[in-house]
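Q: Sharing a structure, written as structure tokens. Questions coming.
The values are calculated or read from the model by the stated rules, or taken from the named source; none is laboratory data. Owing to the predicted nature of the structure, the values given are computational and were not obtained by experimental measurement. With ideal geometry, Cβ positions are generated from the backbone for all residues, glycine too; neighbour counts draw on all protein chains shown.
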Amino acid sequence: MTILKSGILFSCLFMLAMSCNSQGGDINYNGKPFVFTGLPAQYMPQMPAAILAEANAAAKKAFDLTTLLPAGYKKDGSVDYTSYLQNGLDKNRDVVFPDFPVLISEKGLTVSSNSNLYFRSGSKIIMKPNNLETFEIIRLHGVNNVNIYNACLIGDRKGHTGKTGEHGMGIAIRSSRDINLYSPRISECWGDGIYIGWRTRQVVDDHYIPSDNVNIYNGLIDFNRRNGISIVCGRNIKISKTVIANTYGTLPMSGIDIEPNEPKDIINNIQIDSLTTFNNARDGILIVLTRLPSAANNVNTNIVIKDHLDDRSYGAMRIGSGFRRGDRELTGQIKVINPVWKNNEMPFRYRSNYQMLPATELKNVKIENNASSNMAKGAVNTFSTPVKNVNNQDALKKIKTALSKESKIKIEE
């Protein structure tokens, strides 16, 4: 039996492209039709050979969930095998998934602590269409020490029978720590591809229990309805060499959305490295810290984004924080280093009234082939130029002008 062949990425990627290539034509938020666009070959993420070899070796020793399926099982993803897979996950910590598509119900699959999950080249979990507002394909709730390799998950956005809600998630990580996702492939979710937050409203040291030390490597998160990845309550989160594309359906419609719900959330030590965002209906990266500050306590937050490439999203980056009067100024920093923003309607958007952002620095920004005359837009400062496709220096000059009254946001070459 061959497990996790070197071509593992391409089987799932091909199916994602084929399942989505007919989508588009609906009107998005800025009055233009959104059109699903296949990911250019140069953006396709790859799992490093060393990690792939390690996964190969480990998977050969893992329990094969296929052995639990009933006699005469189907290999076309048409039969619900949720209970069989869950039984295997409950009784075994190292498991390898069947080498063919498997349908699961809205119950989803629950992962225990100290687990390793391996997906083969043909492995695929498909969510059965349902009408629920909230559900999860794979859930990691209050667990620790979990590694998932090459997960290929297909949500139910095409066949979803309800019309409301936005919380049908691919992988939900809630109050969990020491989690590693290697080369996840997640598409067509009713909500987010990956959600990172808290499990319950249990408060420890004035905060909800965050997800901690979560790492996502070499992922492809494509055509999900709300966000590619949402970070609501997390500490020590790292996203590396991941691609998020074609996010569209219900707001915020962004590649990564860092957006806490209240001061009891934690957003600290968030690292985003070599991220590619492509053709997202709103923003490649969205940072909304509006609800994080408190009138009673100082809140510290640190976000570093390095080597971000956005191509064809409406906005490459938005810092959208309409703060409340009376709250304390945030401490910490937001750093955006070496971004490349290409083919955007509006490369940079911001809203930071009341000057409560942490110190924010945009360094060595490169802007290429912007699609319109607008370079940046803010809550108060808005400008445009009649010259389209302006060069990088002119674009930076205009962004600096727009930010001239924003003492907490600086742009440097």
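Q: Need the failing condition index for Phe119 against (1) of a type in the set (Phe, Trp, Tyr); (2) free of Cβ contacts under 8 Å to residues at least 60 places away in the same chain; (3) out of contact with any Leu (no Cβ under 6 Å at 6 or more places or on another chain), just the number.
A: (2)
Q: Sticking with this structure for a sec: Working carefully through the options Gly142, Gly108, Gly170, find the one that is touching a residue at least 24 places away in the same chain (Cβ under 8 Å) and in contact with a Ser or Thr (Cβ under 7 Å, 6 or more places away or on another chain).
A: Working: Gly108 fails: in contact with a Ser or Thr (Cβ under 7 Å, 6 or more places away or on another chain); Gly170 fails: in contact with a Ser or Thr (Cβ under 7 Å, 6 or more places away or on another chain).
Going through Gly142, Gly108, Gly170 in turn, just one is touching a residue at least 24 places away in the same chain (Cβ under 8 Å) and in contact with a Ser or Thr (Cβ under 7 Å, 6 or more places away or on another chain): Gly142.
Q: Given the conditions (1) at pLDDT 90 or above; (2) within 30 Å of Leu39 (Cα to Cα); (3) surrounded by fewer than 16 Cβ atoms within 10 Å (Cβ to Cβ), report the number of the one that Ala316 does not fulfil.
A: (3)
Q: While we're on this one: Of all residues being of a type outside the set (A, V, I, L, M), at pLDDT below 65 and not in a loop (DSSP other than H, G, I, E, B) in the range 345-392, which is nearest to Leu286 (Cα to Cα)? Just the residue, please.
A: Once the filter is applied, the top-ranked residue is Lys377.
Q: Same structure, new question: For the range 239-288, how many residues are assigned to a loop (DSSP other than H, G, I, E, B) and of a type in the set (A, V, I, L, M)? Talk me through it step by step, then tell me what you get.
A: Applying the first criterion (assigned to a loop (DSSP other than H, G, I, E, B)) to the range 239-288 yields 241-242, 246-253, 259-266, 274-275, 279-282, 288.
Retained after the next criterion (residues that are of a type in the set (A, V, I, L, M)): 251, 253, 266, 275, 281, 288.
Going through the range 239-288 one residue at a time, the tally reaches 6.
Q: Check off (1) under 20 Å from Asp212 (Cβ atoms); (2) part of a loop (DSSP other than H, G, I, E, B); (3) more than 17 Å from the chain's Cα centre (by Cα) for Asp178 and give me the number that stays unchecked.
A: Single failed check for Asp178: (2).
Q: Moving on to the next point. Looking at the range 234-253 only, could you name the residues that are within 14 Å of Gly197 (Cα to Cα) and either buried (at least 24 other Cβ atoms within 10 Å of the Cβ) or at pLDDT below 95 (or both)?
A: Gly234, Ile237
Q: Taking the condition of being among the aliphatic types (A, V, I, L, M), surrounded by fewer than 20 Cβ atoms within 10 Å (Cβ to Cβ) and within 15 Å of Phe119 (Cα to Cα), how many residues in the range 61-73 meet it?
A: Residues flagged as among the aliphatic types (A, V, I, L, M), surrounded by fewer than 20 Cβ atoms within 10 Å (Cβ to Cβ) and within 15 Å of Phe119 (Cα to Cα) within the range 61-73 amount to 1.
Q: Residue check, Arg235 against (1) touching a Pro at 6+ places or on another chain (Cβ under 7 Å); (2) farther than 21 Å from Ser175 by Cβ; (3) of a type outside the set (Phe, Trp, Tyr), all met but one. Which one?
A: Here Arg235 meets the rest and fails (2).
Q: Working carefully through the options Arg324, Arg318, Arg328, find the one that is touching a Ser or Thr at 6+ places or on another chain (Cβ under 9 Å) and not in a loop (DSSP other than H, G, I, E, B).
A: Working: Arg324 fails: not in a loop (DSSP other than H, G, I, E, B); Arg328 fails: not in a loop (DSSP other than H, G, I, E, B).
Residue meeting the stated conditions: Arg318.
Yes or no, residue by residue, for (1) more than 19 Å from Arg226 (Cβ to Cβ); (2) more than 18 Å from the chain's Cα centre (by Cα); (3) charged (D, E, K, R); (4) modelled with pLDDT under 95:
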position: Asp273; (1), (2), (3), (4): yes, no, yes, no
position: Asn279; (1), (2), (3), (4): no, no, no, no
position: Ile285; (1), (2), (3), (4): no, no, no, no
position: Ser294; (1), (2), (3), (4): yes, yes, no, yes
position: Asn297; (1), (2), (3), (4): yes, yes, no, yes
position: Ile305; (1), (2), (3), (4): yes, no, no, no
position: Leu309; (1), (2), (3), (4): yes, no, no, no
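Q: Then there is this: Filter the range 193-229 down to the residues that are of a type in the set (Asp, Glu) and in contact (Cβ under 8 Å) with a residue 40 or more places away in the chain, then identify the one that is nearest to Asn280 (Cα to Cα). So that I can check it myself, show each step before the final result.
A: So the first thing to find is which residues in the range 193-229 are of a type in the set (Asp, Glu), and the list is 205-206, 212, 222.
This time we only want the ones that are in contact (Cβ under 8 Å) with a residue 40 or more places away in the chain, so: 206, 222.
Working: Asp206: 35, Asp222: 9 Å.
Per the stated criteria, the residue is Asp222.
Q: Can you find even one residue in the range 211-220 that is more than 26 Å from Glu133 (Cβ to Cβ) and part of a loop (DSSP other than H, G, I, E, B)?
A: Looking through the range 211-220, at least one residue is more than 26 Å from Glu133 (Cβ to Cβ) and part of a loop (DSSP other than H, G, I, E, B).
Q: Where in the range 74-171 are there strands (runs of 3 or more DSSP E), lying fully within it, with 1 or more residues that are of a type in the set (D, E, K, R), buried (at least 23 other Cβ atoms within 10 Å of the Cβ) and in contact with a helix residue (DSSP H, G or I) (Cβ under 9 Å, 6 or more places away or on another chain)? Outline the logic, then answer.
A: On the way: elements: 94-96, 101-104, 115-118, 124-127, 134-141, 144-149, 152-154.
Hits in the range 74-171: 124-127.
Q: Restricting attention to the range 216-250, report how many residues are touching a helix residue (DSSP H, G or I) at 6+ places or on another chain (Cβ under 9 Å) and small (Gly, Ala, Ser). Break it down into steps so the answer makes sense when it comes.
A: Looking only at the range 216-250, we keep the residues that are touching a helix residue (DSSP H, G or I) at 6+ places or on another chain (Cβ under 9 Å), and these are 217-218, 220, 222-223, 243, 245-246.
Subset that is small (Gly, Ala, Ser): 245.
The qualifying residues number 1.
Q: Here's another thing I want to ask about it. Quickly run through the range 289-310 and pick out the residues that are in contact with a Phe, Trp or Tyr (Cβ under 7 Å, 6 or more places away or on another chain) and in a loop (DSSP other than H, G, I, E, B). Explain how you work it out, then say what you get.
A: Step one: list which residues in the range 289-310 are in contact with a Phe, Trp or Tyr (Cβ under 7 Å, 6 or more places away or on another chain), which gives 290, 293, 310.
Scanning the range 289-310 gives Thr290, Pro293.
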